[in-house]
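In what follows, a structure is listed as structure tokens, so that the remarks can point back to it.
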Amino acid sequence: MAHADKPNRKKTIAFGVVLLAVMFVAYGGWRLGQSSSPASSLASALLAGSPPTLGSTNASVTIVEFGDYQCPTCEGWYNTQEAFLVQSLVDTGKAKLVWRDFDFYGPDSVLASEAAYAAGDQGMFWRFHDLLFQNQRTPNGGWASRQNLIKFAQQLGLNMTEFNQDFNGGKYDPLIDTNHSLGVQAGVTQTPTFFLVGPNGKIVTIAGPQPESVFEQAVAQLTSG
Amino acid sequence: MSASPVVDTFRDAKYTLLAMPIIVAYGMILLFFDQFLFFTPYFTLYVPPSGVENLALDILLTALTGLVLTVSIRQLVLQRGGRGTSRVGAVGIIAAVIAGACPCYYLLPLLAVAGAVGGALGAVGILLNAFQVPIKVAAVLLLLVSTYKLNKSGVCKIRTPVRNVSKTQNL
């Protein structure tokens with residue numbers, strides 16, 4: 001019986017070793033393919049236009065966030081990491097934060113984006129952005145309905161005539177569509193996804209709600225060349 | 001040799017060794033889909049304060065999947081070797097696969113983002129995502145039942161034949 005077990009044991013060990021090796025190689029290949037891309041037209045596309053930007057225009061690294069105001073993961077990242085990121089990278093002038101919509105949760109996501117841009121036209125984009133994440137509830141549960149978004153605007157003391165005109169006129173639809181297409185082109189498969197564009201156009205992708213320390217490490221990598 | 005197939009399985013070094021890659025691979029997949037583990041740009045393990053409940057369920061699911069799959073494989077190997085007739089091994093593997101597949105609903109919103117599926121399937125994914133804790137609890141229960149059944153499968157019940165006692169006494 002002991003003799004019969006020996007080949008079986010060898011087979012099991014070999015199977016385990018092969019499985020671990022396959023996992024290791026797959027991980028290595030994936031990392032090589034995704035970690036850092038060379039300068040490309042994607043970098044210029046990500047920086048094109050004048051999206052809402054937080055921080056100094058002279059910051060050498062631009063952090064482009066693709067998110068959806070109805071996405072719970074984006075809300076989780078906002079509540080646990082964004083303040084730390086702003087404090088350590090944006091306030092210190094090392095990086096600036098750019099918002100681009102990647103609305104896929106439903107029509108209320110698009111409404112929320114439109115309302116944020118309408119607030120942005122009165123210089124209150126980031127205040128409205130904060131208010132949306134602070135009030136996020138179940139996706140498509142009505143918290144980002146047109147009426148509620150108008151209430152948020154009133155809460156911020158915006159000029160309501162101007163806000164309603166901008167919000168209801170479909171003024172931001174092309175921008176929202178462009179952002180979505182850009183996200184697809186950049187390979188966004190989840191929200192939030194961040195593209196860190198360095199001074200030489202190199203890009204580091206951070207997919208998912210990763211901790212602020214990862215951003216610090218990536219910014220250091222991009223600025224060190 | 002004890003009467004418990006679970007204990008017997010893990011007394012055997014080769015099955016303990018087999019359980020390790022199963023647990024590592026399944027745990028990594030689960031933690032990755034739950035966005036606790038990130039491979040890019042750096043290998044990062046991060047659990048936000050709101051994710052502790054989910055992490056505990058992931059660990060439990062991983063351990064139970066490793067246990068059920070390994071014990072089931074052993075049962076199947078014994079069955080093939082003619083040392084048992086239980087079909088519980090195959091049932092255990094099926095249960096582990098079903099329970100293990102539960103977290104795959106995470107893929108639906110991802111596919112919806114990529115525009116690879118229609119809006120309806122994406123919406124189902126988003127809905128399922130909101131129920132991830134109850135779905136995982138159901139998967140844990142399924143695996144617990146499988147573990148119980150697997151453990152019971154090793155107990156050989158000896159049925160005492162019914163004898164006509166009075167006749168014997170008369171003799």
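The values are calculated or read from the model by the stated rules, or taken from the named source; none is laboratory data. Quick caveat: nothing in here was measured; it's all calculated off a predicted structure. Cβ coordinates were reconstructed from backbone atoms using ideal geometry, including for glycine residues, and neighbour counts include every protein chain displayed.
Details
- Test result for A:ASN179, touching a strand residue (DSSP E or B) at 6+ places or on another chain (Cβ under 8 Å) and of a type in the set (S, T, N, Q): yes
- Restricting attention to the range A:77-125 and to residues that are farther than 29 Å from A:ASN168 by Cα and among the aromatic types (Phe, Trp, Tyr), the residue that is surrounded by the most Cβ atoms within 10 Å (Cβ to Cβ) turns out to be A:TRP77.
- Unique match (being modelled with pLDDT of 65 or more, under 26 Å from A:ALA144 (Cα atoms) and facing chain B (nearest Cβ under 10 Å)) among A:THR80, A:THR53, A:THR12: A:THR80
- The set of residues in the range A:137-164 that are in contact (Cβ under 8 Å) with a residue 12 or more places away in the chain, over 16 Å from A:VAL110 (Cβ atoms) and in a loop (DSSP other than H, G, I, E, B) comprises A:LEU156, A:LEU158, A:ASN159.
- Answer residue from the range A:106-136, given it is over 19 Å from the mean Cα position of the chain (by Cα) and assigned to a loop (DSSP other than H, G, I, E, B) and is nearest to B:ALA130 (Cα to Cα) among those: A:MET124
- Only residues that are among the acidic types (Asp, Glu) and more than 14 Å from chain B (Cβ to nearest Cβ) were counted across the range A:99-118, and they come to 1.
- Residue match in the range A:206-224 (condition: away from chain B (no Cβ under 13 Å), part of a helix (DSSP H, G or I) and touching a residue at least 40 places away in the same chain (Cβ under 8 Å)): yes
- The range B:45-60, subset among the aliphatic types (A, V, I, L, M) and within 18 Å of the chain's Cα centre (by Cα), residue nearest to the other protein chains (Cβ to nearest Cβ): B:LEU55
- For the range A:170-179, the criterion of being outside any loop (DSSP other than H, G, I, E, B) and within 14 Å of chain B (Cβ to nearest Cβ) is satisfied by at least one residue.
- From the list B:VAL124, B:VAL145, B:VAL155, B:VAL140, the lone residue that is modelled with pLDDT of 85 or more, out of contact with any Gly (no Cβ under 8 Å at 6 or more places or on another chain), more than 10 Å from chain A (Cβ to nearest Cβ) and more than 14 Å from B:ASN54 (Cβ to Cβ) is B:VAL145.
- Any hit, the range B:30-44, residues being over 18 Å from A:PRO211 (Cβ atoms), modelled with pLDDT of 90 or more and more than 10 Å from every other protein chain (Cβ to nearest Cβ): no
- Top-ranked residue of the range B:13-25 - restricted to ones that are more than 7 Å from chain A (Cβ to nearest Cβ) and buried (at least 16 other Cβ atoms within 10 Å of the Cβ), ranked as farthest from B:SER72 (Cα to Cα): B:VAL24
- Hits in the range A:92-105 - residues which are assigned to a strand (DSSP E or B) and closer than 23 Å to A:ALA153 by Cβ: A:LEU97, A:VAL98, A:TRP99, A:ARG100, A:ASP101
- Reported count of residues in the range A:151-170, each being modelled with pLDDT of 95 or more and either of a type in the set (D, E, K, R) or surrounded by fewer than 18 Cβ atoms within 10 Å (Cβ to Cβ) (or both), is 12.
- When residues of the range A:171-208 are limited to those that are within 22 Å of A:LEU131 (Cβ to Cβ) and not charged (D, E, K, R), the one surrounded by the most Cβ atoms within 10 Å (Cβ to Cβ): A:THR191
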